[in-house]
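A.B. asks: If you scroll down you'll find the structure; I have some questions about it.
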Amino acid sequence: MAASGSILGNPVLRKEDPGLLTGANKYTGDMSPDGTAHIVFVRSPIAHGTLNSVDKGDAASMPGVLGVYTAPDLGLPAVPGMPGVLPDEISRPPLAEGKVRFVGDIIAAVVAETPGQAVDAAEQVYGEIDPLPVVTSAAAAMADGAPLLFEAIGGNVIVPTEFGDEGATDGADVVVEETIISQRLAGVPMEPNACLMIPDEPAGGMTAYISHQAPHAVHEGMAPALGLEPAQLRVVAPWVGGGFGPKAAFYVEYLLAAVIARQIGRPVKWTETRSENMLSMVHGRDFVMDTKLGVNNDGTIVGLEASVTADIGAYPTIGAVLHTLTQMMSQGVYNIPKIRFSGVSVATNTTAVGAYRGAGRPEATQMLERIVNIAAQKIGMDPAEIRRKNYLTEFPYSTPTGANYDSADHEAALDKALEVSGYAQLREEQAARRASNDPKLLGIGLSSYVEVTAPLELWKEYGSLTIEDDGTATMRVGTSAHGQGHDTAFSMIVSDMLGIDMNDVKHIQSDTAEVPRGAGTMGSRSLQTAGSAIHVASETVLAKAKELAAHMLEASADDIVVGEGGVLHVAGVPANSLSWAELAVAANDDAKRPSGMDAGLSHELDFDEGDATFPFGSHVAVVEVDRETGNVELVRHIAVDDCGTILNPMLVHGQQHGGIAQGAAQALYEWVQYDADGNPRTANLMDYAMPSAAELPSFEATNTETASPRNPLGAKGIGESGTIGSTPAVQNAVVDAVAHLGITHIDMPATPERVWTAISNA
């Protein structure tokens, strides 16, 4: 809740938006310094094959061409997907050598004066490839005699995991089971991947502009790969047009562009096309979850058994371990006495799978919320009541699967969702439609979720605050915004505490020359980590400023307050004041500082929460299903998400709306598909069904607030909550619409064909 007289907790317009709306904010693709050359990659059209050679044809002699490069030309070592975690033998060669492993594997790079010249020359380059047998699903890749992507490791299974004992559902009155599929998705950020590599001659350094979520991570991987000292490489993420997880990956295209830029002594730029983006940017999800839930006839949960198989594509990266987050979150919001979980990640001849909005946590919620609904249907219990009966109620709580829940009130979120949706009235309308044989069937779907934000030790972050001589403030953070509104949120913290106008607070991020370290932005972590760092830095600067003001005004520091207009004065004596500009100058003047005080008004720190936080909530989706065509329309979606103490409800609601849209899209529309030969069937937005706002209703987003004790703001993450809560709610709604026909499950995406087939078969 908003504090009296405080800007915090109130809707505040975003500082970022004027530049975005007018086009003043520049992206990587907008940058073309003098002499910029353009790189185009020649990609394998074969999903799996022996690469005998690459024929460059006449490409090198074509107009404007500066170079045509294959693996022997550059001699680059393979790039590990997760150093120290995954075997070196499955690392990716920047340019394919000896073998290609998916459609899109890079076999050559062409550099020319213009993009058009590079494209024309690239069309003259082709690989001589002998096709090998292909596996495009995890099940096929695990079958006896399956072709191996990496012979050196002797199989396609990469990371197995086991938890719990057999027989978790033993003794239950009823055991329900289902195979729950979380299909493969494409990230589809508004701005595809892009990079601009500018060599620093003759010093031998490099400046890299990259559309990325974690520039410091790129710096850490690229500097040694280029043979550079850390100080010789500067990585900058300028304005970034969406990320959603796929832009947290390190792409070999960056390394190739950088190496070639050094070779030709000119800036080199790569801007991904949309089809290239669909082909080569990491995908998300692609889990098959065989699930059993044991319940008693009164709805009490006895135990859960889950066997999860994750297809992680070729050249595995972080996707290889995401099923371990699914394991961690497999208890969800419920008191489940016994859990048995086994998981495995499997390499296939497809695009690699990595982080995508939620990354392992949505899959856990999809699994639980579907199987709980199936159990409710089996025993004839209302879906809301089976959830209420089994909620965890005592916090903090450490789950057997390794999560340390900080705080929650699941029943309050559910009650609010039921109230806002008019749940009882919806059930009455549903019954009336069924009784009248209405061709438009009404479906009501529920989901209750808990997720983890700032997981995997991402709960630490750098932040600093400096008061400049003109009285403005400069904050530096290790997070990296790509649309979330960090500048606005962090500026609110500074303004609220120090009284400095938000427009006089400068936000510096995503530049390794300006910010010494940072984990970037993923895992819905920014406010609770970097925001808390700015909060602590502001507190520290204010305490020092009060001590300085007290010395200059001959008063006690305890009597100094922040007054109107951002001045410090003695309480009750506003005329006797000092501006921040006066204090900043005085802080650097030995004659004006008290004895023993360090110069300057600034503070930096690495804030450490000590553990992740756990947002939660409940969603209600309302759909209409056309009984004759199977078409599904989402007519309402109600979200009650609890992200702890809310700093700016406008920013929170924006994240909720965007997240719900992506979650609903998985339930109803999106699906990356391959044919039997590993050719992508959804390589552009003509074939990949991604909804626009026209296909979706205006969401009803609201909140409860349960503060986290793990940071001074009481904040938890919100960036992924909407996606995690919405998908199973919408899927449950679709099944609920036709449940009276005896249908218990429909896979995602619930396309008209699938729904119509289920109705016809019923």
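A.B. asks: Quick test for you: out of 265, 303, pick the one residue that is assigned by TED's automatic domain parsing to the domain that holds residue 348 and small (Gly, Ala, Ser).
C.D. replies: Within the list 265, 303, the selection yields 303.
A.B. asks: So residue 344 passes all but one of these: (1) outside any loop (DSSP other than H, G, I, E, B); (2) within 30 Å of residue 715 (Cα to Cα); (3) touching a Ser or Thr at 6+ places or on another chain (Cβ under 7 Å). Which condition number does it fail?
C.D. replies: (2)
A.B. asks: Now a separate question. Exactly one of these conditions fails for residue 5: (1) under 26 Å from the mean Cα position of the chain (by Cα); (2) within 30 Å of residue 491 (Cα to Cα). Give me its number.
C.D. replies: (1)
A.B. asks: Given the residues 252, 288, 268, which is the only one that is closer than 28 Å to residue 106 by Cα, of a type in the set (Val, Ile, Thr), in contact (Cβ under 8 Å) with a residue 40 or more places away in the chain and touching a helix residue (DSSP H, G or I) at 6+ places or on another chain (Cβ under 7 Å)?
C.D. replies: 268
A.B. asks: Of the conditions (1) closer than 23 Å to residue 625 by Cα; (2) within 35 Å of the chain's Cα centre (by Cα); (3) surrounded by fewer than 21 Cβ atoms within 10 Å (Cβ to Cβ), residue 433 satisfies every one except a single condition; which number is it?
C.D. replies: Looking at each condition in turn, residue 433 falls short on (2).
A.B. asks: Where in the stretch 56-134 are there strands (runs of 3 or more DSSP E), lying fully within it, with 1 or more residues that are out of contact with any Ser or Thr (no Cβ under 7 Å at 6 or more places or on another chain) and aliphatic (A, V, I, L, M)?
C.D. replies: The qualifying strands (runs of 3 or more DSSP E) are 65-69, 106-112.
A.B. asks: Working only within the stretch 610-624, note down all residues that are surrounded by 24 or more Cβ atoms within 10 Å (Cβ to Cβ) and under 20 Å from residue 646 (Cα atoms).
C.D. replies: Once the filter is applied, which keeps residues that are surrounded by 24 or more Cβ atoms within 10 Å (Cβ to Cβ) and under 20 Å from residue 646 (Cα atoms), the stretch 610-624 yields 612, 613, 614, 615, 616, 617, 618, 619.
A.B. asks: Yes or no: the stretch 347-370 includes at least one residue that is modelled with pLDDT of 95 or more and surrounded by fewer than 23 Cβ atoms within 10 Å (Cβ to Cβ).
C.D. replies: No: zero hits.
A.B. asks: Go through the stretch 709-762 and report how many residues are among the β-branched types (Val, Ile, Thr) and over 17 Å from residue 659 (Cβ atoms).
C.D. replies: Count: 10.
A.B. asks: Consider the stretch 275-333. How many of its residues are assigned to a strand (DSSP E or B) and of a type outside the set (Val, Ile, Thr)?
C.D. replies: Final tally of qualifying residues: 17.
A.B. asks: Among 405, 391, 315, which is aromatic (Phe, Trp, Tyr), closer than 30 Å to residue 279 by Cβ and not assigned by TED's automatic domain parsing to the domain that holds residue 89?
C.D. replies: 315
A.B. asks: May I pose another question? Under the condition of being crowded, with 24+ Cβ neighbours inside 10 Å and not β-branched (Val, Ile, Thr), which residue from the stretch 284-299 is nearest to residue 247 (Cα to Cα)?
C.D. replies: 284
A.B. asks: Can I ask one more? Scan the stretch 25-38 for residues that are among the hydrophobic types (A, V, I, L, M, F, W, C) and either surrounded by fewer than 17 Cβ atoms within 10 Å (Cβ to Cβ) or under 28 Å from the mean Cα position of the chain (by Cα) (or both) and jot them down.
C.D. replies: Once the filter is applied, which keeps residues that are among the hydrophobic types (A, V, I, L, M, F, W, C) and either surrounded by fewer than 17 Cβ atoms within 10 Å (Cβ to Cβ) or under 28 Å from the mean Cα position of the chain (by Cα) (or both), the stretch 25-38 yields only 31.
A.B. asks: Being under 30 Å from residue 372 (Cα atoms), of a type in the set (Gly, Ala, Ser) and outside the structural domain of residue 37 (by TED's automatic domain parsing) is true for just one of 143, 139. Which residue is that?
C.D. replies: Of 143, 139, the one residue that is under 30 Å from residue 372 (Cα atoms), of a type in the set (Gly, Ala, Ser) and outside the structural domain of residue 37 (by TED's automatic domain parsing) is 139.
A.B. asks: Since residue 10 meets every condition but one in (1) free of Cβ contacts under 8 Å to residues at least 60 places away in the same chain; (2) of a type in the set (S, T, N, Q); (3) outside the structural domain of residue 221 (by TED's automatic domain parsing); (4) surrounded by 13 or more Cβ atoms within 10 Å (Cβ to Cβ), which condition does it not meet?
C.D. replies: (1)
A.B. asks: Residue under question is residue 377, and the condition is that it be assigned to a helix (DSSP H, G or I) and under 19 Å from the mean Cα position of the chain (by Cα); does it hold?
C.D. replies: No.
A.B. asks: Moving on. Residues to consider are 244, 250; find the one that is in contact with a Lys or Arg (Cβ under 7 Å, 6 or more places away or on another chain) and either modelled with pLDDT under 95 or of a type outside the set (D, E, K, R) (or both).
C.D. replies: Checking each option against the conditions leaves just 244.
A.B. asks: Can you pull out every residue in the stretch 22-55 that is closer than 24 Å to residue 100 by Cβ, among the aliphatic types (A, V, I, L, M) and assigned to a loop (DSSP other than H, G, I, E, B)?
C.D. replies: Passing the criteria: 46, 47.
A.B. asks: Next question, about the same structure. Which of the residues spanning the stretch 423-474 are small (Gly, Ala, Ser), within 30 Å of residue 215 (Cβ to Cβ) and part of a strand (DSSP E or B)?
C.D. replies: 463, 464, 473
A.B. asks: Then there's this: Answer yes or no: is there a residue in the stretch 581-598 that is in contact with a strand residue (DSSP E or B) (Cβ under 8 Å, 6 or more places away or on another chain), over 23 Å from residue 535 (Cβ atoms), surrounded by fewer than 20 Cβ atoms within 10 Å (Cβ to Cβ) and touching a residue at least 12 places away in the same chain (Cβ under 8 Å).
C.D. replies: Yes, some residue in the stretch 581-598 is in contact with a strand residue (DSSP E or B) (Cβ under 8 Å, 6 or more places away or on another chain), over 23 Å from residue 535 (Cβ atoms), surrounded by fewer than 20 Cβ atoms within 10 Å (Cβ to Cβ) and touching a residue at least 12 places away in the same chain (Cβ under 8 Å).
A.B. asks: Let me ask something else about it. Looking at 707, 715, which is the one that is surrounded by fewer than 22 Cβ atoms within 10 Å (Cβ to Cβ) and in the same structural domain as residue 287 (by TED's automatic domain parsing)?
C.D. replies: Checking each option against the conditions leaves just 707.
A.B. asks: So, of the residues in the stretch 492-533 that are among the hydrophobic types (A, V, I, L, M, F, W, C) and not in a helix (DSSP H, G or I), which turns out to be farthest from the chain's Cα centre (by Cα)?
C.D. replies: Among residues in the stretch 492-533 that are among the hydrophobic types (A, V, I, L, M, F, W, C) and not in a helix (DSSP H, G or I), the one farthest from the chain's Cα centre (by Cα) is 500.
Let's see how each residue does on (1) surrounded by fewer than 19 Cβ atoms within 10 Å (Cβ to Cβ); (2) more than 18 Å from the chain's Cα centre (by Cα):
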| position | (1), (2) |
| --- | --- |
| 660 | no, no |
| 689 | yes, yes |
| 719 | no, no |
| 747 | yes, yes |
| 750 | no, yes |
| 753 | yes, yes |
| 761 | yes, yes |
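A.B. asks: Being part of a loop (DSSP other than H, G, I, E, B), under 18 Å from residue 753 (Cβ atoms) and not hydrophobic (A, V, I, L, M, F, W, C) is the filter here, so list the residues in the stretch 671-712 that pass it.
C.D. replies: Scanning the stretch 671-712 gives 673, 675, 681, 682, 687, 688, 691.
A.B. asks: Within the group 384, 417, which residue is surrounded by 16 or more Cβ atoms within 10 Å (Cβ to Cβ), assigned to a helix (DSSP H, G or I), within 28 Å of the chain's Cα centre (by Cα) and at pLDDT 95 or above?
C.D. replies: 417
The values are calculated or read from the model by the stated rules, or taken from the named source; none is laboratory data. For clarity, every value in this text was computed on a predicted model and none was experimentally measured. Cβ: placed from backbone, ideal geometry, glycine included. Neighbour counts: every protein chain shown.
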